Structure formats: C-alpha cells, structure tokens
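Heads up, the thing below is written out as structure tokens.
The values are calculated or read from the model by the stated rules, or taken from the named source; none is laboratory data. Bear in mind that the values here come from a model prediction, so they are computed numbers and not experimental data. Cβ placement follows ideal geometry from the backbone for every residue including glycine, while neighbour counts extend to all protein chains displayed.
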Amino acid sequence: MPEAVPKSLAEALKYDDPDNQVRYHSSSSGALIGKGGRQAVIFHGQGVGIDDAKDNILRYFQQIDHGLHELLHNENAPLVLAGVDYLLSIYRKVNTYPHVLEQGVFGNPDKLKAEDMHRRAMTIEDPRLQKAWQDAAAYYRKYAGSERTSLSVKEVVPAAFYGRVELLFVAIDQEQWGVFDPTANSIHIHKEARFNDDDLLDIAATQTLLHGGMVYAVESGKVPDQAPLAAVFRY
C-alpha cells in the first residue's frame, strides 16, 4: 500500500482530538483486506459509544480505499476481502473499487500465512478469478524459455527476496525444504526437512507478495511445466 495509508487504526486517528480519541486493543478477529493485513480492534473508554467506534472504522477504511485506488488505479483485477464478517460489511460500505468479489474469505485470518490466505481466496468459484489465472498462465507462456522466466527454486527464491519476481506460480501440494541466507545470497536444498529448514516455496511466495508481485498458489498440475514453482521476472 502507498506510504500515506495508515497501517493501523491508531495511526489513522493519531491527529484526532485526544479527548474524543477511542481507546482500543487488538483482537484475534482481525481482517485482511486484499494483500495487506489489518487487525480488528476492541474499543473501550469513557464517552465513546458503538456509533463512534463504527465511524472511526469507517474513516480508517476510507483511507484504505483511497490507498487501493492509488495502487490499483489502472487495474481491473478481482479483489477478495478476507476477515470477520462484521468488518467486511463495514468495508463494503466505503469501497469504491469496482472489482471486489461478492464472495470473501470469512473468519479470523490472524494466524494464516499470506500464501495460505491466497490459497483460500483461489478456491472461490468466480469467473473473474479463473480468467485472472488463465491470463497469468498466458503471460508466463509469452516469456517461457527466456531469461525472464525460471523453474529453478535456487534461482527464484533469491530473486523473490530481492523483488525481482513479478509473477509466481507455486504448488500448494508440494514442499521444498532448505535454507536461504540473504546476507550471503546462498541457498541449500534438502530432500527432507532438517533442523532450521524452511519451506522454500513458502519463502518464494511470501517474498513475492511483500514486493508487490502476483502469486498463484495452485495444485501442482496447474503450475507451468509441472514444476514446484514457476516465475516471471521483472527484469
């Protein structure tokens, strides 16, 4: 999200009149909107009612909506909302992005990894999601076999960490254990999990998302060339 968008409700309200400011603490029923995590809040404090709390949430969501427009102003990609139902219903009231899907990922997303959230979103049966996957596959095929693409875990994981991965397909039913050291730019792959190993496919997916790339977590049969992962590089 753009830097001007507050990362929390507290940041969104920090310039309010302190006498009217809502006190709150984080809840385990937080909401994830699009790619960015957003925690729900429980309100408490003197003189602040339910209507005030809702108004503050609305104002916060309006700022997120403005940030999404800055981020997605030339896009028509489908946007899946994820989180607890009452927060999603509030967000829909302020949303102005025209491609938000009716279906969402409902429940508490706090403990889910980014790729797990994406995996659940991709199970939503919506023609726009299917078309997005088909367009992504066609985009990969356009560059397949060139230096812009790779099926190598050893090449893709560092590239994702350094923000080079524009598009990533990753198999949800496979694991690739190993260790990646970004300081030394070294990667070691193991046939079986060892102490301190990570699933390198998860690292590739997470880093791609953190750097603004697109990730399609799909069954291995839908990954190009039946590989554990497949990437298109930005450069």
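At least 2 residues being within 27 Å of P98 (Cα to Cα) and charged (D, E, K, R) is the threshold, and among the helices (runs of 4 or more DSSP H) wholly inside the range 125-235 those reaching it are 127-143. Residues that are touching an Asp or Glu at 6+ places or on another chain (Cβ under 7 Å) and at pLDDT below 85 within the range 56-105 comprise just one, P78.
For the structure I just gave you, tell me whether V165 is under 17 Å from Y235 (Cα atoms) and β-branched (V, I, T).
On the way: under 17 Å from Y235 (Cα atoms): yes; β-branched (V, I, T): yes.
It is true that V165 is under 17 Å from Y235 (Cα atoms) and β-branched (V, I, T).
All of S146, S150, S89 fail the test of being loosely packed, with under 14 Cβ neighbours inside 10 Å, assigned by TED's automatic domain parsing to the domain that holds A204 and either at positive phi or not acidic (D, E) (or both), apart from S146. Here the range 160-178 is the region considered, the condition is being surrounded by 19 or more Cβ atoms within 10 Å (Cβ to Cβ) and over 18 Å from the mean Cα position of the chain (by Cα), and the residue that is farthest from M214 (Cα to Cα) is G178. Residues that are acidic (D, E) and closer than 20 Å to T208 by Cβ within the range 116-133 comprise just one, D116. Which ones in the range 95-115 are out of contact with any helix residue (DSSP H, G or I) (no Cβ under 9 Å at 6 or more places or on another chain) and either under 19 Å from S220 (Cβ atoms) or in a helix (DSSP H, G or I) (or both)? Of everything in the range 95-115, nothing turns out to be out of contact with any helix residue (DSSP H, G or I) (no Cβ under 9 Å at 6 or more places or on another chain) and either under 19 Å from S220 (Cβ atoms) or in a helix (DSSP H, G or I) (or both).
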